[in-house]
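This report concerns only the one structure given below.
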Amino acid sequence: MNQPIKAIAKRCTPSMIVNSTIAHQGHASIGERRVTLQALWDRGARLASALARRGVCEDQAVAVLMRNDLCFLEAAIATAMLGAYAVPINWHQTGEEIAYILRDADIRVLLAHTDLLANLRASLPAGMAVIAQPTPEDIRQAYGASGHVSEVPMDVEALEAVIADSAPMQDRSRVGTRSSIVYTSGTTGHPKGVRRFALPPEAARAFTSLTQQWFEVRPGIRTVMAGPMYHSAPNTYMRAVLYAGGSIALMPRFDAAELLALIERERVTHLHLVPTMMVRLLRLPEAVRRRHDLSSLEFVIHGAAPCALDIKRAMIDWWGPIIHEYYGATETGMVTRSSSEEWMARPGTVGRAWPGREVRIYGEDGRRLLANEVGEVYVSLQGVPNFTYQNADAQRADIDREGFVTNGDVGYLDAEGYLFIVDRKKDMVISGGVNIYPAEIECALAGHPAVVDSAVIGVPDEEFGEQVVAFVRPAEDVPVDASALEGFLRQRIAGFKVPRRFVFVRELPRDESGKLVKRKLREPYWAGRVRQV
């Protein structure tokens, strides 16, 4: 069913294809620490040899429980050279949640920062090797970790010693044949690991080039990893830059003002952002925003979460028409892309399908819908390696329709094939038999000067089944109340969509990619009821 990857790559702009899968022109840095990519690849090759001696073979898995750091890049190189899967783990999870992933992915070796091991030691599966790197001071300071957690425990191997004791692996033919197994955050139950099937070397090189085209990566670019590399999109972007020989500056934790300083200091050309980061950039004082020279920027791309129209317009006004948006998922890879010009002509679009990809919209009855009809978004897997869910083939089959897969998004295609995402199917509120899409309400709320952040959910209602509730994080210096927000919304959306209740909160549950974790908001309202949350 899949169209060959190399055939799709040939149809794309040849000038954008990076001819060599691996290049070493750039450097990697974090704070004051800086290494050449040549030195980074050498350390990664030594780590690959060390992992092989500890029983890691092609097609097996190595877990990476690390914050953004140089050793994370070394782990990515080592697993790529082995033809093994890296399993980057969201370290915000509890010890038991992490232990579940370690067992589910059949992890042979865990690579970890020492401060992240403390709450996990009692949950580690028996017989699994652990190699630890002392958490550097700059990262400890960014997260408020105490100094004593920087020491490698006596019963754990030290990464530096392991690398020093190993000769570099020379064979690089397996680089790119496998990607990471990324565990998606489940709405209920356990997360699912997306495991892509291996590619032969020639197809792997073509797919690497195709990924670099998606992000307009080429040798010599300079970028900042602003988001955590355990997330799917930043992880894919990191590998594309790493293989191309671009320079990578790592941020241990996103800080809007520091990002602007890094762009100026490192003469950054390319960025991958999420909408939450753009919101924080725009909320900086005007003096801070204008303080730094951002003229080196050539290409900025964002995705992973919906972006409010006002935020997108403001970023284009500030940085110029270099802002691009994509739509995709861990399962599907990047599917569509929209330039600034396309978006300004069709506000809200996430673009048209990339060459070789295809988007279809299906109704509840299984009928393929026409232009401008709202339904569930399905995406072809042409141009990306096929996948299954780790130890859950049946769940993979559940999301398939005629060779197309869905991640539960609801949207429509206009007459020219531009995709518009309306909401997540699981987030849709049905009140009195009418479908209400929270994302539309959240976008409207984002236009109010007193609203820093918002989340809209459906809660039980005896008469209508569900009623709409908005959780709002207000700005500290702009007074607002429920009646003001209600009046504001009634001028922008239909009355039946206006929330019946507003709850003001100090923070909303978002992960570091900016995605709302609405399950945490719903649970108190739906506990003990049949509906899935």
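Any idea which residue in region 343-354 is least open to solvent (accessible area, probe 1.4 Å), counting only those that are among the hydrophobic types (A, V, I, L, M, F, W, C), touching a Ser or Thr at 6+ places or on another chain (Cβ under 9 Å) and not in a loop (DSSP other than H, G, I, E, B)?
Trp343
Could you list, ordered by first residue, the pairs with Cβ atoms under 7 Å in which the first is in region 516-533 and on the phi < 0 side of the Ramachandran plot and the second is assigned to a loop (DSSP other than H, G, I, E, B) and at pLDDT 80 or above, at least 6 apart or interchain?
Leu516/Leu508; Leu516/Pro509; Val517/Pro509; Lys520/Pro509; Leu521/Pro509
Evaluate region 355-376: report whether one residue or more is under 17 Å from Gly328 (Cα atoms), open to solvent by less than 10 Å² (accessible area, probe 1.4 Å) and in a loop (DSSP other than H, G, I, E, B).
Scanning region 355-376 turns up no residue that is under 17 Å from Gly328 (Cα atoms), open to solvent by less than 10 Å² (accessible area, probe 1.4 Å) and in a loop (DSSP other than H, G, I, E, B).
Read through the list (1) under 29 Å from the mean Cα position of the chain (by Cα); (2) over 21 Å from Pro275 (Cα atoms); (3) open to solvent by less than 70 Å² (accessible area, probe 1.4 Å), then give the number of the only condition that Phe471 fails.
Just one mismatch for Phe471, condition (2).
Leu259 - would you say it is open to solvent by less than 40 Å² (accessible area, probe 1.4 Å) and under 23 Å from the mean Cα position of the chain (by Cα)?
Considered against the rule, which asks whether it is open to solvent by less than 40 Å² (accessible area, probe 1.4 Å) and under 23 Å from the mean Cα position of the chain (by Cα), Leu259 comes out as yes.
From the residues in region 152-208 that are surrounded by fewer than 16 Cβ atoms within 10 Å (Cβ to Cβ) and among the acidic types (Asp, Glu), which one is nearest to Ala61 (Cα to Cα)?
That would be Asp171.
Enumerate the helices (runs of 4 or more DSSP H) found wholly within region 228-342, keeping only those where 1 or more residues are farther than 25 Å from Val384 by Cα.
Hits in region 228-342: 256-266, 275-282, 286-289, 309-319.
If Glu463 satisfies all but one of (1) open to solvent by 10 Å² or more (accessible area, probe 1.4 Å); (2) more than 21 Å from Gly348 (Cβ to Cβ); (3) in contact with a strand residue (DSSP E or B) (Cβ under 9 Å, 6 or more places away or on another chain), what's the number of the condition it fails?
Failing condition for Glu463: (3).
Could you tell me which residue of region 216-227 is nearest to Asn68 (Cα to Cα), considering only residues that are part of a strand (DSSP E or B) and of a type outside the set (A, V, I, L, M, F, W, C)?
Per the criteria, the residue is Thr223.
So is Arg140 farther than 25 Å from Tyr243 by Cβ and either in contact with a helix residue (DSSP H, G or I) (Cβ under 8 Å, 6 or more places away or on another chain) or open to solvent by 30 Å² or more (accessible area, probe 1.4 Å) (or both) or not?
yes
Can you tell me which residue in region 283-337 is farthest from Arg424 (Cα to Cα), limited to those that are acidic (Asp, Glu) and surrounded by fewer than 18 Cβ atoms within 10 Å (Cβ to Cβ)?
Asp293
Restricting to region 377-407, name every residue that is open to solvent by less than 40 Å² (accessible area, probe 1.4 Å), in a loop (DSSP other than H, G, I, E, B) and either at positive phi or of a type in the set (D, E, K, R) (or both).
Selection gives Gly383, Gly403.
Restricting attention to region 121-137, which residues are of a type in the set (D, E, K, R) and either open to solvent by less than 30 Å² (accessible area, probe 1.4 Å) or closer than 30 Å to Ser29 by Cβ (or both)?
Glu137 - this is the single residue of region 121-137 that is of a type in the set (D, E, K, R) and either open to solvent by less than 30 Å² (accessible area, probe 1.4 Å) or closer than 30 Å to Ser29 by Cβ (or both).
Output the residues belonging to region 88-118 that are under 19 Å from the mean Cα position of the chain (by Cα) and under 30 Å from Glu32 (Cβ atoms).
Pro88, Ile89, Asn90, Trp91, His92
Anything in region 99-118 that is over 20 Å from Gly144 (Cβ atoms) and outside any strand (DSSP E or B)? List them, or say none.
Those that are over 20 Å from Gly144 (Cβ atoms) and outside any strand (DSSP E or B): Ala99, Tyr100, Ile101, Leu102, Arg103, Asp104, Ala105, Asp106.
The values are calculated or read from the model by the stated rules, or taken from the named source; none is laboratory data. None of the values given here were measured: they were computed from a predicted structure. Virtual Cβ from ideal backbone geometry, glycine too; neighbours counted across all protein chains shown. Areas reflect the complete protein model, heavy atoms only, side chains present, ligands, DNA and RNA absent. Shrake-Rupley method; radii C 1.70, N 1.55, O 1.52, S 1.80 Å.
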